[in-house]
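First up is the structure itself, then whatever we jot down about it.
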Amino acid sequence: MVTLRTKELRRIHLTLDGKPVLARSGQTILDVARENDVYIPTLCYSDKLRPLGTCRMCLVEIEGTAMPVTSCTTPVSEGMVVHTDTANLDNLRRENLKLILTRHPYNCPSCDINGACELQDLVYRYDISHQDMHAYQIKPADFGETPWATPLITYHPRRCILCGRCVSACTEIAEVGVLAYKGRGSDTIIASTEPNEFGRECISCGECLASCPVDALVEANGQPKGKAWETKKVKTICTYCGTGCELILNVSGNKVTHVSPSRGGVNQGALCAKGRFGYDFINHKDRLRSPMIRRDGYWEEVNWDVALDYVADKFAAIKQREGADALAGLSSARCTNEENYLFQKLFRGVLGTNNVDHCARL
Amino acid sequence: MAGLAASFGSGAMTNTIAEIENTDVILVTGSNTTEGHPIIGRRIKRAVERRNAKLIVIDPRKIELVKFAHIWLRPLPGTEVAWINGMIHVILNEGLWAKDYVAKRTEGFEELCEAVASYTPERVEAISGIPAQELTRAARLYAEAPKAMILYAMGITQHSSGTDNVKALANLAMLCGKVGIEGGGLNPLRGQNNVQGACDMGALPNTLPGYQKVTDENVLASFQQAWGTGVRLSNRVGMASTDMTKAILQGTLRGLYIMGENPVMSDANASEARKAFEDIEFLVVQDIFLSETAQLADVVLPAASFAEKDGTFTNTERRVQRVRKAIEPPGQARADWEILADLAQRLAMRLQVNMPAAAGTGQSFGSWSYHDAEAIFNEAARLAPAYAGISYERLEQGGIQWPCPSKYHPGTPILHSQRFARGLGKFFGLEWNPPAEMPDEEYPFYLSTGRIRYHYHTGTMTRRSKGLNRIAPEGRIEINPQDAQPLGIVTGERVRVISRRGSVEARVRLTERSAPGMVFGTFHFSETPINQLTNDALDPVAKIPELKVCAVRVEKIKRAELAALQPAIAEMGVDAC
Ligand code: SF4
Ligand code: SF4
Ligand code: SF4
Ligand code: FES
């Protein structure tokens, strides 16, 4: 929850759909509604970002105010009487959603985030069909290939609903700020500002992609993400640098198909390019699949029994012949604590040497 | 981390990453944070842009953070002790030091005063090239801030004087009373995900789990009893990784087991390392790919990646965190711990080592029949006091920072807050010594190595990521335009970089990031094995090779030679430009 202002906290009383509720100063109507389990549809709102107020899906009525207001940007005030669920609002939101859809193609079945799309959820909820859309007789504007700030991400302007979340994410989460709206009216797209070496420069972190509510920003590796409803999510820790960011591996079948941000961790949900995009080594075809012994210069694939007996024979022989200190082990700063512990236990407790180290020095 | 351990008694980041956003002054040196640790770099930017923290960057390279810095000092490489002594000199001279703190919590103050007396800003300017005034400004800013945090990385430690560099920074931090407070401290940023954990768990030649010394007979006795293998534990300090190459070449080291490392690429003076691994009698490599090192092995064992196993990593701020298995490993590959346990049992049979039957009683950990990673963790936590209060169950609620001595202990975000781990913090009087190899007529440039944001270490993983490899497909040598001009080099051209130990070829990029007189290369790329050039002169204590400074010369590759090279370049899939 990104509150608008947090200077002084006062209690505020308001009425939400006929019920009295208590709020704190600085909260928006949307914040209070969510806290009280009152549903208001949103599209541009993300609780990781400051409210944008661009999609107008979150309209509510305030008694004594002539026009509905966007609840995600309107702070609560004492004595406010708010209605979130009226026939008028329903109608307005539905029309608004149709307007948003005039730009967006209707091809959910072949879309990568089918089943996990915020726009699709709303279209379903408001039951908008092809018929509804034909009434408008609007052909979506035709955009050619549009490059993004980084070659790791492909931008599909036709799918973009111009909510502006990516623009905010690039500034507020990535701390970079290279994205902006470009063009006017139905030609509007999101584009990167001109890069220059010592100005702001895209760092390919993918925060923009992670914040997109639709599938307008796609990983450029061309791999399918797997169906949302068949995807398992596993929270774990990044395998690259010592920061130790928390991330979520999305697994479909026996394949890691995608990395999504977690909500917490030392990284507060943010990730860098390695953490977010550097997962495809996991299912890489070069992965070693079988133990191998080199015989006469050729690799021979063997099973575990053969390989480990061979290693044990050789190590035991060297120890018996020249003593334990003729053996050494290099453990790994990439392996787990458990594995490092066992590794040194093996060398010290079984072989009897302190010749154990890892490459931390490098 | 020997320097930190000597000064404070514990060699780890003293404070937490989150505190970066809650401090007044951040001093970053020897860390290109936005490339090496992007998410920590992001915190620094936030601190500067949203919290009005002041940033001091001290780095020979014009790194990205320089854009955010209030003061940027550009010392010559290898002059760290000199400029740190210089800052201390200024702080003492102007009476800006924390007198109470120094009196109550430290020792060796006189020694420090004596040692820095001759490091006037003017003398430091002559050594390091930092203008005297600028150094003074930086010293004042740091000393006068209520809270100030120092962050450093390999740019400080990868020198033949690395241990001294760290001690010097510790001197500075203690003198100003900035250790043991929130938003302060001296904070090494660890390069690899679990360096901290590997050290904690005793993957070091001189310490058992929990930094207990192998030379301490009481410690040995307790481990001997706990493990119950009947093997006499050695009280001789073992061999450091950097000594192993030499021991192989001398014939004293006959069998080597490497788990998940690629020293042929990462070692300083990599050509010698390669020769050693070709020579050794028996080499086992356990890894997820057939790395450059694995290609030289006698036996290769396929391991599981981090996504295919359970366990824990300990991050740079001492936070123990859970790693969770998401998928099955490919083919016959197995988790490293499963392989080790299996091998241990086979070795025990051959060496007549005891393997007491399954523990259960909790007293003896000799059995190697671990049910899962958690069983191993529990055993390690029993033997490493700082981990004693941590369990998988607690980690479900989030990571815990050690020391965490008991079950209800919340963990320790800030070290040394009441007293130093060694009691009193210790000042060391340090003298600056020039780097082991300085540029001269024949090799006129400094070479410095480092990382770029898109790749990791020797690249075995990131180079196999299509996206990351496309965005940064090759290792470029960075050189200042001033230096490139007389050599007739333009961006994109191929050059040869030559040191006393070897030569590599690569394309160049002209950039102001590199200081005049300095070239920079990364070690992620096997086509450009930059560590063939670097110096393996070691820091005598920490045994860290001097990867950050060595002398090289740069040559343009002639057209005719280039034509001969063309087919090879095409084969590598690098487009000629
Ligand atoms: S990848 Fe990161 S830096 Fe680049 S545009 Fe997206 S959010 Fe901004
Ligand atoms: S690309 Fe996505 S996040 Fe950005 S404006 Fe378009 S729909 Fe919104
Ligand atoms: S996501 Fe990036 S910053 Fe975070 S641990 Fe991974 S590599 Fe490091
Ligand atoms: S959610 Fe409020 S305007 Fe989009």
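The values are calculated or read from the model by the stated rules, or taken from the named source; none is laboratory data. The structure displayed is predicted, hence computed values, not measured ones. All Cβ positions, glycine included, derive from the backbone under ideal geometry; neighbour counts span all protein chains shown. Protein only, heavy atoms only, side chains kept; ligands, DNA and RNA dropped before computing areas. Shrake-Rupley method; radii C 1.70, N 1.55, O 1.52, S 1.80 Å.
Please give me, ordered by residue number, the GluC sites (Glu not before Pro) of the stretch A:55-121 that lie in loop per DSSP and have at most 10 other Cβ atoms within 10 Å.
Those that pass, being in a loop and sparsely packed, are A:E63.
What distance in nm separates the two pseudo spin-label positions at A:E300 and B:R236, each 7 Å out from Cα along the beta-carbon direction?
Between A:E300 and B:R236, the label points sit 3.5 nm apart.
Suppose the chain between A:Q320 and A:N91 were pulled fully straight at 0.36 nm per residue; how much longer would it get relative to their current alpha carbon spacing?
Extra length available between A:Q320 and A:N91 comes to 73.9 nm.
Would you mind computing, in nm to one decimal, how far apart the modelled labels at A:I189 and A:T65 are, each placed 7 Å from Cα along Cα→Cβ?
3.6
Given axes a ≥ b ≥ c from the Cα gyration tensor, I'd like to know whether the stretch B:125-228 is rounded (a/c under 1.5), prolate (a/b larger than b/c) or oblate.
prolate
Across peptide A:99-108, what mean number of C-beta atoms from other chains lies inside 10 Å of a residue's C-beta?
0
Roll a 1.4 angstrom probe over the protein heavy atoms and tell me the percent of accessible area of chain A that is carbon or sulfur.
50
Could you give the length gained on full extension between B:E110 and B:N433, defined as 0.36 nm per residue of separation minus the Cα-Cα distance, in nm?
Numbers: separation 323, 0.36 × 323 = 116.28 nm, distance 2.11 nm.
Difference between extended and current length: 114.2 nm.
Could you pull out every one of the lysines with an alpha carbon less than 20 Å from that of A:K235, ignoring same-chain neighbours closer than 8 positions?
Answer for A:K235, where 20 Å is the Cα cut-off: A:K48, A:K225, A:K227, A:K255, A:K274, B:K309, B:K325, listed by chain and number.
Return one whole number: the accessible area per residue of the stretch A:323-362 in Å², for a 1.4 Å probe.
7
Can you tell me the FRET efficiency between B:A117 and A:H284 if r is taken as the Cβ-Cβ distance and R0 is 51 Å, rounded to the nearest 0.05?
Efficiency, rounded to the nearest 0.05: 0.30.
Using the structure shown, select from B:K54/B:K99; B:K147/B:K426; B:K62/B:K466; A:K232/B:K45 the pairs with a Cα to Cα distance greater than 26 angstrom.
On the way: B:K54/B:K99 24 Å; B:K147/B:K426 21 Å; B:K62/B:K466 29 Å; A:K232/B:K45 34 Å.
The pairs that break the limit, which is 26 Å between Cα atoms, are B:K62/B:K466; A:K232/B:K45.
Over the stretch B:211-275, give the accessible area per residue in Å² for a 1.4 Å probe, as an integer.
Working: 2610 Å² over 65 residues.
Counting only protein heavy atoms, the per-residue value for the stretch B:211-275 is 40 Å².
Would you please give the FRET efficiency between B:D440 and A:T146, computed as 1/(1 + (r/R0)^6) with r the Cβ-Cβ distance and R0 = 51 Å, to the nearest 0.05?
0.45
Stretch A:K232-A:D37 to full length: gain in nm at 0.36 nm per residue minus the Cα-Cα span?
So the extension gain works out to 67.5 nm.
Can you give the charge dipole size of the protein assembly as shown about its Cα centre, rounded to the nearest 20 debye, using +1 on the beta carbon of Lys and Arg and -1 on the beta carbon of Asp and Glu?
Charge dipole of the protein assembly as shown: 1120 debye, to the nearest 20.
Counting only chymotrypsin sites (Phe, Trp or Tyr not before Pro) that are in a DSSP loop and have at most 13 other C-beta atoms within 10 Å, tell me the longest site-free stretch of chain A.
A:199-362
Under the Karplus relation 6.51 cos²θ - 1.76 cosθ + 1.60, θ = phi - 60°, what is the ordered set of whole-Hz ³J(HN,Hα) values for the stretch B:289-294, x standing for Gly and Pro?
My calculation for the stretch B:289-294 gives 10, 7, 5, 4, 6, 4 Hz in order.
Just order B:4-14, A:10-20, B:107-117 by mean Cβ neighbour count inside 10 Å, highest at the front, would you?
Output ranking for B:4-14, A:10-20, B:107-117: B:4-14, B:107-117, A:10-20.
Please check the stretch A:290-304 for residues whose accessible area, probe 1.4 Å, is lower by 40 Å² or more when all protein chains are in place than in their chain alone.
A:M292, A:R294, A:W299, A:W304
Grab the eigenvalues of the alpha-carbon gyration tensor for the stretch A:323-362, scale each by 5, take roots, and send me the semi-axes largest first in whole angstrom.
The equivalent ellipsoid of the stretch A:323-362 has semi-axes of 18, 12, 5 Å.
With θ taken as phi - 60° and the coefficients 6.51, -1.76 and 1.60, list the Karplus ³J(HN,Hα) couplings across the stretch B:128-145 in order, rounded to whole Hz; mark glycine and proline as x.
These are the phi-based 3J(HN,Hα) values: 9, x, 7, x, 3, 4, 5, 4, 4, 4, 5, 4, 5, 4, 5, 5, 7, 5 Hz.
How many Å² of accessible surface get buried when A and B come together, counting both sides, probe radius 1.4 Å, rounded to the nearest 100? Please list the in-between numbers first.
Numbers: alone 22030 and 25880 Å², together 35640 Å².
Interface area, both chains combined: 12300 Å², rounded to the nearest 100.
Is the stretch A:6-85 rounded, prolate or oblate when judged by the Cα gyration tensor, a ≥ b ≥ c being the square roots of its eigenvalues, rounded requiring a/c under 1.5 and prolate requiring a/b larger than b/c?
Verdict is oblate for the stretch A:6-85.
In Å and from the alpha-carbon atoms only, list the Rg and Dmax of the protein assembly as shown.
My reading of the Cα-based Rg and Dmax gives 29.4, 94 Å.
Based on alpha-carbon centroids, what's the gap between the stretch A:70-93 and the stretch A:302-362 in Å, whole number please?
67
Rounding to the nearest 10 and keeping the result within 0 to 90°, find how far the Cα-based axis of helix A:304-322 lies from the longest principal axis of chain A.
Here the helix axis deviates by roughly 50 degrees.
Let me know the shape class of the stretch B:2-189, please: from the alpha-carbon gyration tensor, a ≥ b ≥ c as square roots of the eigenvalues, rounded when a/c is under 1.5, otherwise prolate if a/b is greater than b/c, or oblate.
Details: a/c = 1.38, a/b = 1.19, b/c = 1.16.
Rounded shape, in that the Cα axes give a/c under 1.5.
Can you work out the FRET efficiency for the pair A:Q131 and A:L22, with r the C-beta to C-beta distance and R0 = 45 Å, to the nearest 0.05?
0.55
What trypsin sites (Lys or Arg not before Pro) in the stretch A:237-295 are in a loop by DSSP, with at most 13 other Cβ atoms within 10 Å of the Cβ?
Sparse-neighbourhood loop trypsin sites (Lys or Arg not before Pro): A:R263, A:K285.
Tell me the Kirkwood radius of the stretch B:195-401: reciprocal of the mean inverse pair distance over distinct alpha-carbon atoms, in Å.
Hydrodynamic radius (Kirkwood, Cα pairs) of the stretch B:195-401 is 18.7 Å.
Residue-wise, which Karplus ³J(HN,Hα) couplings in Hz belong to the stretch A:157-167, taking 6.51 cos²θ - 1.76 cosθ + 1.60, θ = phi - 60°, and x for glycine or proline?
Karplus-based 3J(HN,Hα) across the stretch A:157-167 equals x, 5, 8, 6, 9, 6, 6, x, 4, 4, 4 Hz.
Would you compute, for the Cα atoms of the stretch A:227-287, the largest minus smallest coordinate along each principal axis and list the three values in descending order, in whole Å?
29, 29, 15
With only Lys, Arg, Asp and Glu charged, each at its Cβ (+1 for the first two, -1 for the last two), find how big the charge dipole of the stretch B:7-131 is about the Cα centre; round to the nearest 20 debye.
Roughly 680 debye, rounded to the nearest 20.
How many nm is it between the label spots at A:N221 and B:E134, if each spot is 7 Å from the Cα in line with the beta carbon?
Once both label points are built, they end up 4.1 nm from each other.
Could you pull out every residue, at least 5 positions away or on a different chain, whose amide H is within less than 5 Å of the one on B:V231? Hs are placed 1.01 Å off N in the peptide plane, and Pro or chain starts have none.
Residues meeting the amide H criterion: B:N354.
What's the average, rounded to a whole number, of partner chain beta-carbon atoms within 10 Å of each residue's beta-carbon in B:237-246? Before the final figure, lay out each step's value.
Working: counts 2, 12, 7, 5, 12, 4, 3, 5, 0, 0.
Going residue by residue through B:237-246 and averaging, the value is 5.
Using C-alpha positions alone, give me the convex hull volume of chain A per residue in cubic angstrom.
Convex hull volume per residue, Cα atoms: 227 Å³.
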